[in-house]
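**Q** Handing you this structure, nothing more for now.
The values are calculated or read from the model by the stated rules, or taken from the named source; none is laboratory data. Just so you know, these numbers come straight off a predicted model, no measurement behind them. Methodologically, a virtual Cβ is constructed for each residue, glycine included, from the backbone with ideal geometry; neighbour enumeration extends over all protein chains shown.
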Amino acid sequence: MQGEAEMNSESIVTLIAAQPGSLPDDLVESTQRATGGGTLRVLATREAVEWPSPLSPETLRPLLPLHTLDEARIDHLVQSAALPRRKRLLAADMDSTIVVGETLDRIAALHGCGAEVTALSQASVEGQIDFASSLRRRILLLQGMTVDAIGDIIRTITLNEGADLLVRTMQAHGAYTVLISGGLMLCTSQAASLAGFDAHHGNEVLIETGRLTGLLREPVLDPDRKRQIMLDHAAALGLTAADCLAIGDGANDLPMLQAAGLGIAFHARPAVTQAIPNRITHGSLRAALFAQGYVL
(Lines give C-alpha, C1' and ligand atoms only; values in the text may rest on other atoms or scores of the structure.)
Protein backbone atom coordinates (compact mmCIF):
# COMPACT_ATOMS: atom_id res chain seq x y z
CA MET A 1 0.00 0.00 0.00
CA GLN A 2 2.80 2.44 0.85
CA GLY A 3 4.66 1.67 -2.36
CA GLU A 4 1.50 2.31 -4.40
CA ALA A 5 0.93 5.63 -2.61
CA GLU A 6 4.49 6.71 -3.35
CA MET A 7 4.23 5.77 -7.03
CA ASN A 8 1.12 7.95 -7.36
CA SER A 9 2.10 10.63 -4.87
CA GLU A 10 0.53 14.04 -5.35
CA SER A 11 1.88 15.73 -2.21
CA ILE A 12 4.80 15.82 0.18
CA VAL A 13 3.98 16.40 3.85
CA THR A 14 6.68 17.78 6.17
CA LEU A 15 6.43 18.04 9.97
CA ILE A 16 9.03 20.09 11.86
CA ALA A 17 9.29 20.50 15.63
CA ALA A 18 10.17 23.94 16.97
CA GLN A 19 12.81 22.37 19.22
CA PRO A 20 15.15 19.57 18.10
CA GLY A 21 14.32 16.29 19.82
CA SER A 22 10.69 17.20 20.57
CA LEU A 23 8.80 15.62 17.65
CA PRO A 24 6.34 13.07 19.18
CA ASP A 25 6.33 9.69 17.42
CA ASP A 26 2.65 9.08 18.12
CA LEU A 27 1.61 12.40 16.57
CA VAL A 28 3.74 11.71 13.51
CA GLU A 29 2.14 8.27 13.10
CA SER A 30 -1.43 9.51 13.50
CA THR A 31 -0.88 12.40 11.09
CA GLN A 32 0.75 10.07 8.58
CA ARG A 33 -2.24 7.70 8.74
CA ALA A 34 -4.75 10.55 8.43
CA THR A 35 -3.11 11.78 5.23
CA GLY A 36 -2.71 8.40 3.53
CA GLY A 37 1.03 8.69 3.90
CA GLY A 38 3.68 6.57 2.26
CA THR A 39 7.10 5.66 3.65
CA LEU A 40 8.36 7.97 6.39
CA ARG A 41 11.67 9.74 5.76
CA VAL A 42 13.57 11.18 8.74
CA LEU A 43 15.23 14.53 7.99
CA ALA A 44 16.53 15.14 11.53
CA THR A 45 16.05 12.73 14.43
CA ARG A 46 12.94 13.66 16.46
CA GLU A 47 12.91 17.06 14.76
CA ALA A 48 11.74 16.75 11.15
CA VAL A 49 10.13 14.08 8.97
CA GLU A 50 8.37 13.87 5.63
CA TRP A 51 6.29 11.43 3.60
CA PRO A 52 4.50 11.30 0.25
CA SER A 53 0.72 11.16 -0.06
CA PRO A 54 -1.53 10.23 -2.99
CA LEU A 55 -3.83 13.13 -2.06
CA SER A 56 -3.59 16.59 -3.59
CA PRO A 57 -2.43 19.43 -1.30
CA GLU A 58 -5.94 20.92 -1.39
CA THR A 59 -7.53 17.62 -0.33
CA LEU A 60 -4.85 16.81 2.24
CA ARG A 61 -4.60 20.05 4.23
CA PRO A 62 -8.06 19.77 5.87
CA LEU A 63 -7.07 16.30 7.13
CA LEU A 64 -4.18 17.62 9.23
CA PRO A 65 -4.80 17.79 13.01
CA LEU A 66 -3.97 21.49 13.05
CA HIS A 67 -4.89 22.24 16.67
CA THR A 68 -2.86 19.29 17.98
CA LEU A 69 0.14 20.15 15.80
CA ASP A 70 0.08 23.79 16.89
CA GLU A 71 -0.25 22.83 20.56
CA ALA A 72 2.87 20.68 20.16
CA ARG A 73 4.62 23.59 18.35
CA ILE A 74 5.05 21.61 15.15
CA ASP A 75 5.16 23.34 11.79
CA HIS A 76 3.51 21.53 8.89
CA LEU A 77 4.04 22.09 5.18
CA VAL A 78 2.27 20.46 2.25
CA GLN A 79 3.64 20.76 -1.27
CA SER A 80 2.85 19.42 -4.69
CA ALA A 81 5.07 16.45 -5.50
CA ALA A 82 5.16 17.61 -9.13
CA LEU A 83 7.29 20.71 -8.41
CA PRO A 84 11.11 20.74 -8.11
CA ARG A 85 11.86 19.87 -4.48
CA ARG A 86 15.20 21.54 -3.86
CA LYS A 87 14.87 25.09 -5.04
CA ARG A 88 17.62 26.70 -7.08
CA LEU A 89 16.88 30.31 -6.11
CA LEU A 90 16.22 31.71 -2.64
CA ALA A 91 14.43 35.07 -2.49
CA ALA A 92 14.19 36.30 1.10
CA ASP A 93 12.74 39.33 2.83
CA MET A 94 15.05 41.04 5.33
CA ASP A 95 13.25 42.60 8.32
CA SER A 96 11.78 40.08 10.79
CA THR A 97 12.69 37.29 8.36
CA ILE A 98 16.44 37.14 7.84
CA VAL A 99 17.23 39.68 10.56
CA VAL A 100 15.73 40.24 14.00
CA GLY A 101 13.18 43.05 14.11
CA GLU A 102 12.50 46.01 11.85
CA THR A 103 15.65 47.97 11.02
CA LEU A 104 13.82 51.13 9.94
CA ASP A 105 11.91 51.25 13.23
CA ARG A 106 15.18 51.07 15.16
CA ILE A 107 16.70 53.82 13.04
CA ALA A 108 13.63 55.99 13.63
CA ALA A 109 13.76 55.42 17.40
CA LEU A 110 17.31 56.76 17.43
CA HIS A 111 16.15 59.84 15.49
CA GLY A 112 13.28 60.52 17.91
CA CYS A 113 10.39 59.59 15.61
CA GLY A 114 10.06 55.94 16.55
CA ALA A 115 6.36 55.91 17.44
CA GLU A 116 5.27 57.53 14.18
CA VAL A 117 7.46 55.32 12.00
CA THR A 118 6.54 52.12 13.85
CA ALA A 119 2.83 52.87 13.42
CA LEU A 120 3.32 53.37 9.68
CA SER A 121 5.45 50.21 9.46
CA GLN A 122 2.84 48.10 11.25
CA ALA A 123 0.02 49.37 9.06
CA SER A 124 2.10 48.63 5.97
CA VAL A 125 3.14 45.07 6.83
CA GLU A 126 -0.45 44.30 7.84
CA GLY A 127 -1.57 45.47 4.40
CA GLN A 128 -3.67 48.31 5.82
CA ILE A 129 -1.97 51.10 3.82
CA ASP A 130 -0.07 51.29 0.55
CA PHE A 131 3.56 50.28 1.02
CA ALA A 132 5.19 52.89 -1.23
CA SER A 133 3.36 55.89 0.22
CA SER A 134 3.95 54.58 3.74
CA LEU A 135 7.68 54.24 3.09
CA ARG A 136 7.93 57.74 1.62
CA ARG A 137 6.24 59.14 4.74
CA ARG A 138 8.59 57.19 7.02
CA ILE A 139 11.71 58.34 5.20
CA LEU A 140 10.52 61.97 5.28
CA LEU A 141 10.40 61.70 9.08
CA LEU A 142 14.12 60.77 9.01
CA GLN A 143 15.10 63.98 7.21
CA GLY A 144 18.34 65.39 8.61
CA MET A 145 19.53 62.16 10.26
CA THR A 146 23.23 61.50 9.72
CA VAL A 147 24.53 58.46 7.87
CA ASP A 148 26.96 57.95 10.76
CA ALA A 149 24.05 57.59 13.19
CA ILE A 150 22.41 55.02 10.92
CA GLY A 151 25.72 53.18 10.86
CA ASP A 152 25.47 52.70 14.62
CA ILE A 153 22.23 50.75 14.08
CA ILE A 154 23.53 48.84 11.07
CA ARG A 155 26.46 47.50 13.06
CA THR A 156 24.05 45.90 15.55
CA ILE A 157 21.95 44.01 12.97
CA THR A 158 21.47 40.41 14.15
CA LEU A 159 20.47 37.40 12.07
CA ASN A 160 17.47 35.27 12.95
CA GLU A 161 18.32 31.70 13.95
CA GLY A 162 19.12 29.54 10.95
CA ALA A 163 19.45 32.41 8.44
CA ASP A 164 23.08 31.81 7.52
CA LEU A 165 22.54 28.03 7.60
CA LEU A 166 19.68 28.36 5.11
CA VAL A 167 21.70 30.57 2.76
CA ARG A 168 24.95 28.63 2.88
CA THR A 169 23.33 25.18 2.66
CA MET A 170 21.37 26.14 -0.43
CA GLN A 171 24.46 27.71 -1.98
CA ALA A 172 26.47 24.54 -1.29
CA HIS A 173 23.90 22.66 -3.38
CA GLY A 174 24.07 25.09 -6.29
CA ALA A 175 21.33 27.59 -5.45
CA TYR A 176 21.57 31.35 -5.97
CA THR A 177 20.49 33.47 -2.99
CA VAL A 178 19.13 37.00 -3.05
CA LEU A 179 17.90 39.31 -0.29
CA ILE A 180 15.00 41.48 -1.51
CA SER A 181 13.80 44.12 0.94
CA GLY A 182 11.55 47.13 0.99
CA GLY A 183 13.92 48.46 3.66
CA LEU A 184 17.06 50.51 3.16
CA MET A 185 19.93 49.37 0.98
CA LEU A 186 22.21 50.67 3.73
CA CYS A 187 20.84 47.79 5.82
CA THR A 188 20.49 45.10 3.15
CA SER A 189 24.20 45.42 2.42
CA GLN A 190 25.07 44.50 6.01
CA ALA A 191 22.44 41.77 6.35
CA ALA A 192 23.47 40.18 3.04
CA SER A 193 27.10 40.18 4.13
CA LEU A 194 26.29 38.59 7.52
CA ALA A 195 24.17 35.80 6.03
CA GLY A 196 26.26 35.30 2.89
CA PHE A 197 23.71 36.19 0.19
CA ASP A 198 24.90 36.35 -3.42
CA ALA A 199 22.99 39.60 -4.08
CA HIS A 200 20.79 42.11 -2.30
CA HIS A 201 18.21 44.74 -3.21
CA GLY A 202 16.72 47.53 -1.12
CA ASN A 203 15.50 51.10 -1.29
CA GLU A 204 18.08 53.85 -1.65
CA VAL A 205 17.78 57.00 0.44
CA LEU A 206 19.07 60.26 -1.03
CA ILE A 207 21.92 61.78 0.97
CA GLU A 208 23.46 65.26 0.93
CA THR A 209 26.50 66.25 3.01
CA GLY A 210 26.19 63.10 5.10
CA ARG A 211 22.53 63.56 6.00
CA LEU A 212 19.27 62.07 4.76
CA THR A 213 17.27 64.45 2.58
CA GLY A 214 14.01 62.71 3.47
CA LEU A 215 13.61 61.42 -0.08
CA LEU A 216 14.03 58.04 -1.78
CA ARG A 217 15.44 57.22 -5.16
CA GLU A 218 12.44 56.32 -7.29
CA PRO A 219 10.88 53.99 -8.16
CA VAL A 220 10.28 52.56 -4.71
CA LEU A 221 11.04 48.85 -4.30
CA ASP A 222 7.45 47.89 -3.53
CA PRO A 223 5.69 44.50 -3.34
CA ASP A 224 5.33 44.15 -7.11
CA ARG A 225 8.99 45.00 -7.66
CA LYS A 226 9.98 42.41 -5.05
CA ARG A 227 8.18 39.79 -7.11
CA GLN A 228 9.68 41.03 -10.37
CA ILE A 229 13.24 41.09 -8.99
CA MET A 230 12.87 37.44 -7.96
CA LEU A 231 11.55 36.47 -11.39
CA ASP A 232 14.26 38.49 -13.16
CA HIS A 233 16.99 36.69 -11.20
CA ALA A 234 15.35 33.37 -12.03
CA ALA A 235 15.17 34.18 -15.74
CA ALA A 236 18.81 35.29 -15.79
CA LEU A 237 19.75 31.88 -14.36
CA GLY A 238 17.57 29.98 -16.82
CA LEU A 239 15.09 29.09 -14.06
CA THR A 240 11.33 29.42 -13.68
CA ALA A 241 9.16 30.47 -10.75
CA ALA A 242 8.79 26.78 -9.86
CA ASP A 243 12.52 26.72 -9.02
CA CYS A 244 12.18 29.56 -6.48
CA LEU A 245 11.80 29.53 -2.71
CA ALA A 246 10.48 32.83 -1.35
CA ILE A 247 10.21 33.56 2.35
CA GLY A 248 8.84 36.59 4.17
CA ASP A 249 6.55 37.86 6.91
CA GLY A 250 4.69 40.95 5.72
CA ALA A 251 1.93 41.91 3.30
CA ASN A 252 4.55 43.50 1.06
CA ASP A 253 5.99 40.00 0.55
CA LEU A 254 2.74 38.47 -0.71
CA PRO A 255 3.25 38.88 -4.49
CA MET A 256 6.71 37.31 -4.19
CA LEU A 257 5.48 34.46 -1.98
CA GLN A 258 2.53 33.72 -4.25
CA ALA A 259 4.68 33.69 -7.40
CA ALA A 260 7.34 31.28 -6.09
CA GLY A 261 7.21 27.51 -6.51
CA LEU A 262 7.41 27.39 -2.71
CA GLY A 263 6.33 30.46 -0.77
CA ILE A 264 6.78 30.28 3.01
CA ALA A 265 5.28 32.72 5.50
CA PHE A 266 7.77 33.09 8.36
CA HIS A 267 6.31 34.06 11.76
CA ALA A 268 4.04 36.15 9.60
CA ARG A 269 1.33 38.78 9.97
CA PRO A 270 -2.33 37.70 9.77
CA ALA A 271 -2.73 39.11 6.25
CA VAL A 272 0.04 36.77 5.12
CA THR A 273 -0.94 33.63 7.04
CA GLN A 274 -4.45 33.88 5.59
CA ALA A 275 -3.07 33.88 2.04
CA ILE A 276 -0.06 31.53 2.26
CA PRO A 277 -0.73 27.90 3.27
CA ASN A 278 2.90 26.92 3.94
CA ARG A 279 4.07 28.62 7.11
CA ILE A 280 6.86 28.50 9.68
CA THR A 281 5.06 29.61 12.83
CA HIS A 282 6.98 27.89 15.64
CA GLY A 283 10.48 27.05 14.42
CA SER A 284 13.53 28.71 12.92
CA LEU A 285 14.70 29.17 9.35
CA ARG A 286 16.12 25.62 9.53
CA ALA A 287 12.57 24.59 8.70
CA ALA A 288 12.93 26.06 5.19
CA LEU A 289 15.68 23.49 4.54
CA PHE A 290 13.53 20.62 5.81
CA ALA A 291 10.75 21.88 3.52
CA GLN A 292 13.09 21.13 0.62
CA GLY A 293 13.99 17.66 1.86
CA TYR A 294 17.44 18.48 3.22
CA VAL A 295 18.75 16.10 5.89
CA LEU A 296 20.46 17.88 8.80
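**Q** Mind checking which residues of the range 15-33 are surrounded by 15 or more Cβ atoms within 10 Å (Cβ to Cβ) and over 11 Å from Arg46 (Cα atoms)?
**A** Result: Leu27, Thr31, Gln32.
**Q** What are the residues in the range 130-153 that are within 21 Å of the chain's Cα centre (by Cα) and either without any contact (Cβ under 8 Å) to a residue 40 or more places away in the chain or not assigned by TED's automatic domain parsing to the domain that holds Gly182 (or both), if any? I'd like the intermediate steps shown before the answer.
**A** Start the filter on the range 130-153 by keeping residues that are within 21 Å of the chain's Cα centre (by Cα), which leaves 130-132, 135.
Once the filter is applied, which keeps residues that are within 21 Å of the chain's Cα centre (by Cα) and either without any contact (Cβ under 8 Å) to a residue 40 or more places away in the chain or not assigned by TED's automatic domain parsing to the domain that holds Gly182 (or both), the range 130-153 yields only Asp130.
**Q** Conditions first: (1) buried (at least 20 other Cβ atoms within 10 Å of the Cβ); (2) under 21 Å from the mean Cα position of the chain (by Cα); (3) without any contact (Cβ under 8 Å) to a residue 40 or more places away in the chain. Gly36 passes all but one, so which condition is the exception?
**A** (2)
**Q** Quick one: is Ala288 in contact with a helix residue (DSSP H, G or I) (Cβ under 9 Å, 6 or more places away or on another chain) and surrounded by fewer than 21 Cβ atoms within 10 Å (Cβ to Cβ)?
**A** On the way: in contact with a helix residue (DSSP H, G or I) (Cβ under 9 Å, 6 or more places away or on another chain): yes; surrounded by fewer than 21 Cβ atoms within 10 Å (Cβ to Cβ): no.
No, not satisfied.
**Q** Step by step: first the residues of the range 240-264, then only those that are free of Cβ contacts under 8 Å to residues at least 40 places away in the same chain and assigned to a helix (DSSP H, G or I), then the one that is nearest to Phe131 (Cα to Cα). Which residue is that?
**A** From the range 240-264, those free of Cβ contacts under 8 Å to residues at least 40 places away in the same chain are 240-241, 255, 257-259, 263; that's our starting set.
Filter once more, keeping what is assigned to a helix (DSSP H, G or I): 241, 255, 257-259.
Numbers: Ala241: 24, Pro255: 13, Leu257: 16, Gln258: 17, Ala259: 19 Å.
In this case the residue turns out to be Pro255.
**Q** Quick check: anything in the range 130-148 closer than 30 Å to Ala288 by Cα and of a type in the set (Val, Ile, Thr)?
**A** no
**Q** Cβ contacts < 7 Å: first residue touching a residue at least 60 places away in the same chain (Cβ under 8 Å) and not assigned by TED's automatic domain parsing to the domain that holds Phe266, restricted to the range 12-29; second residue surrounded by 17 or more Cβ atoms within 10 Å (Cβ to Cβ) and among the aromatic types (Phe, Trp, Tyr), any location; separation 6+ or different chain. Result?
**A** Val13/Trp51; Thr14/Phe290; Ile16/Phe290
**Q** May I pose another question? What are the pairs with Cβ atoms under 8 angstrom where one residue, in the range 166-180, is under 18 Å from Arg225 (Cβ atoms) and the other, located anywhere, is assigned to a helix (DSSP H, G or I) and of a type in the set (A, V, I, L, M, F, W, C)? Sequence gap at least six, or different chains.
**A** If the second residue must be assigned to a helix (DSSP H, G or I) and of a type in the set (A, V, I, L, M, F, W, C), the pairs left are Val178/Ile229; Val178/Met230; Leu179/Ala191; Leu179/Ala192; Leu179/Ala195; Ile180/Ile229; Ile180/Met230; Ile180/Met256.
**Q** How many of the residues in the range 194-206 are surrounded by 15 or more Cβ atoms within 10 Å (Cβ to Cβ) and hydrophobic (A, V, I, L, M, F, W, C)?
**A** 4
**Q** Is one or more of the residues making up the range 227-240 β-branched (Val, Ile, Thr) and crowded, with 19+ Cβ neighbours inside 10 Å? Break it down stepwise before answering.
**A** In the first step, residues of the range 227-240 are kept if they are β-branched (Val, Ile, Thr); the result is 229, 240.
Subsequent filtering for residues that are crowded, with 19+ Cβ neighbours inside 10 Å retains none.
For the range 227-240, residues β-branched (Val, Ile, Thr) and crowded, with 19+ Cβ neighbours inside 10 Å: absent.
**Q** Another one. Can you go through Glu102, Glu71 and tell me which one is surrounded by fewer than 23 Cβ atoms within 10 Å (Cβ to Cβ) and either touching a strand residue (DSSP E or B) at 6+ places or on another chain (Cβ under 8 Å) or under 22 Å from Asp164 (Cα atoms) (or both)?
**A** Working: Glu71 fails: either touching a strand residue (DSSP E or B) at 6+ places or on another chain (Cβ under 8 Å) or under 22 Å from Asp164 (Cα atoms) (or both).
That would be Glu102, the only listed residue that is surrounded by fewer than 23 Cβ atoms within 10 Å (Cβ to Cβ) and either touching a strand residue (DSSP E or B) at 6+ places or on another chain (Cβ under 8 Å) or under 22 Å from Asp164 (Cα atoms) (or both).
**Q** Name the residues in the range 74-99 that are of a type in the set (Lys, Arg) and out of contact with any strand residue (DSSP E or B) (no Cβ under 6 Å at 6 or more places or on another chain), would you? Outline the logic, then answer.
**A** Quick first cut of the range 74-99, residues of a type in the set (Lys, Arg) only: 85-88.
Listed by number, the residues that qualify are Arg85, Arg86, Arg88.
**Q** Another question about this same structure. Pick out the one residue from Ile129, Ile150, Ile157, Ile139 that is part of a loop (DSSP other than H, G, I, E, B), at pLDDT 95 or above and out of contact with any Asp or Glu (no Cβ under 9 Å at 6 or more places or on another chain). Spell out how you get there, then give the answer.
**A** On the way: Ile129 fails: at pLDDT 95 or above; Ile150 fails: part of a loop (DSSP other than H, G, I, E, B); Ile139 fails: part of a loop (DSSP other than H, G, I, E, B).
Testing whether each residue is part of a loop (DSSP other than H, G, I, E, B), at pLDDT 95 or above and out of contact with any Asp or Glu (no Cβ under 9 Å at 6 or more places or on another chain) leaves just Ile157.
**Q** Follow-up. Show me the helices (runs of 4 or more DSSP H) found entirely inside the range 1-60 where at least 1 residues are modelled with pLDDT of 95 or more. Write out each step before concluding.
**A** Working: elements: 2-7, 25-34, 57-60.
Of the helices (runs of 4 or more DSSP H) lying wholly inside the range 1-60, those with at least 1 residues that are modelled with pLDDT of 95 or more span 25-34, 57-60.
**Q** While we're looking at this one, here's another question. List the number of the failed condition for Ser124; all other conditions in (1) surrounded by fewer than 18 Cβ atoms within 10 Å (Cβ to Cβ); (2) small (Gly, Ala, Ser); (3) part of a helix (DSSP H, G or I) hold.
**A** Only one criterion in (1) surrounded by fewer than 18 Cβ atoms within 10 Å (Cβ to Cβ); (2) small (Gly, Ala, Ser); (3) part of a helix (DSSP H, G or I) is unmet by Ser124, namely (1).
**Q** Can you find, within the range 265-285, the residue that is modelled with the highest pLDDT among those that are surrounded by fewer than 24 Cβ atoms within 10 Å (Cβ to Cβ) and part of a helix (DSSP H, G or I)?
**A** Among residues in the range 265-285 that are surrounded by fewer than 24 Cβ atoms within 10 Å (Cβ to Cβ) and part of a helix (DSSP H, G or I), the one modelled with the highest pLDDT is Thr273.
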